[in-house]
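Right, one structure below, let's go through it.
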Amino acid sequence: MHEQKTYHEGNAAECEAITRRLHWLSGFCFAGTLVACVLAMRSNEHWLLLFAAGLPALAAAAHGILATGEYIKLGESSTATAGAIGRLIGDVDARPEGQGRGAAVKSLAPLVPEVRAFWNLVTSEATGWQATLRDKNVPLP
């Protein structure tokens with residue numbers, strides 16, 4: 001469970017970083033377009049027209065990547081999954097002495113509810129990702 005929780009925390013952070021960078025890039029491109037247009041009108045430099053025409057296309061591409069990858073949804077899903085796994089870990093650790101983490105195990109029967117909950121959580125989470133990315137051409141790490 002700990003490894004899955006760590007994975008989802010890292011994935012959520014990575015998706016948030018990608019989202020933030022793509023938003024920053026598109027905002028920079030649109031601001032750069034405004035600057036390039038103003039400078040092109042004042043100086044009549046033809047190379048500035050390249051920036052005025054190219055930067056909006058780059059900004060649109062960044063937003064297209066953001067929308068296609070659905071990084072916001074995937075990050076939120078990983079955050080929720082990590083939280084749910086954390087609660088399951090807390091439930092296991094809160095068991096009376098002899099049943100919690102690090103204790104000598106005589107039977108795994110008391111852990112059946114948590115194991116089933118974990119199983120249901122990870123299988124539904126994997127199915128959700130599959131459904132989200134089914135029609136996308138997104139390389140997964």
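A short reminder: the numbers here are calculations on the coordinates, not readings from a lab. Just so you know, these numbers come straight off a predicted model, no measurement behind them. Using ideal geometry, Cβ is built from the backbone for each residue, glycine included, and neighbour counts are taken over all protein chains shown.
Can you tell me what the convex hull of the Cα atoms of the chain projects to on average, as an area in nm²?
Reported value for the Cα convex hull: 10.9 nm².
What do you get for the angle between helix 71-93 and the principal long axis of the chain? Use alpha-carbon atoms, 0 to 90 degrees, nearest ten.
Once rounded, one gets 20 degrees.
To the nearest 10 degrees, how steep is helix 112-133 against the longest Cα principal axis of the chain, on a 0 to 90 scale?
For helix 112-133, the angle is close to 20 degrees.
If each DSSP helix of 4+ residues adds -39,500 (n - 2.57) and the sum is divided by the residues in the chain, what number results at 222 nm, nearest 500 deg cm²/dmol?
-28000 deg cm²/dmol
Which FRET efficiency value, to the nearest 0.05, is calculated for Thr6 and Arg87 with the Förster distance at 22 angstrom and r the Cβ-Cβ distance?
E(calc), rounded to 0.05, equals 0.90.
Full-extension gain between Val115 and Ser43, please, as 0.36 nm times their residue separation minus the C-alpha to C-alpha distance.
Separation in residues times 0.36 nm, less the Cα-Cα distance, equals 19.0 nm.
When you count, for each residue, the other Cβ atoms within 10 Å and take the mean per peptide, how do 25-33, 113-121 rank with the highest first?
25-33, 113-121
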